[in-house]
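Down below is the structure, laid out as structure tokens.
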Amino acid sequence: MATVRLRHSVRAIVLDEEDRILLCRHTAPEPPGTVVWAAPGGGVERGETPADHDLKALEQIAWARRSGRSGGAQGSHSGAHR
């Protein structure tokens, strides 16, 4: 039987003025070409609060958008998902 590794993680639900939700596009290595959309967030490091982690994740997304890097786990996309 496979061992499951669990970790503490957090996600932020971010809405704009038009109630559109912010999602991040992640490309999974297997199977090739797999794309997953998820709310920003991820694993919480030891000593880090969930709020600190969410703030860090949102700062990384803002940096990626300002620098023109809109792909991968750092990229973001907002769409009218309700």
* Asked: In region 12-26, what residues are out of contact with any Ser or Thr (no Cβ under 6 Å at 6 or more places or on another chain) and either at pLDDT below 90 or within 19 Å of W63 (Cβ to Cβ) (or both)?
  -> A12, V14, D16, L23, R25, H26
* Among the residues of region 3-44, which ones are small (G, A, S), within 9 Å of the chain's Cα centre (by Cα) and part of a strand (DSSP E or B)? -> A38, G41, G42
* To do: Taking H81 as the residue in question, decide whether it is surrounded by 10 or more Cβ atoms within 10 Å (Cβ to Cβ) and at pLDDT below 85.
  => yes
* Just to be sure, is R65 of a type in the set (D, E, K, R), part of a helix (DSSP H, G or I) and modelled with pLDDT under 90? -> yes
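The values are calculated or read from the model by the stated rules, or taken from the named source; none is laboratory data. Note that the coordinates shown come from a computational prediction; the quantities given were computed from them, not determined experimentally. Cβ atoms come from the backbone with ideal geometry, glycine included; neighbour counts cover every protein chain shown.
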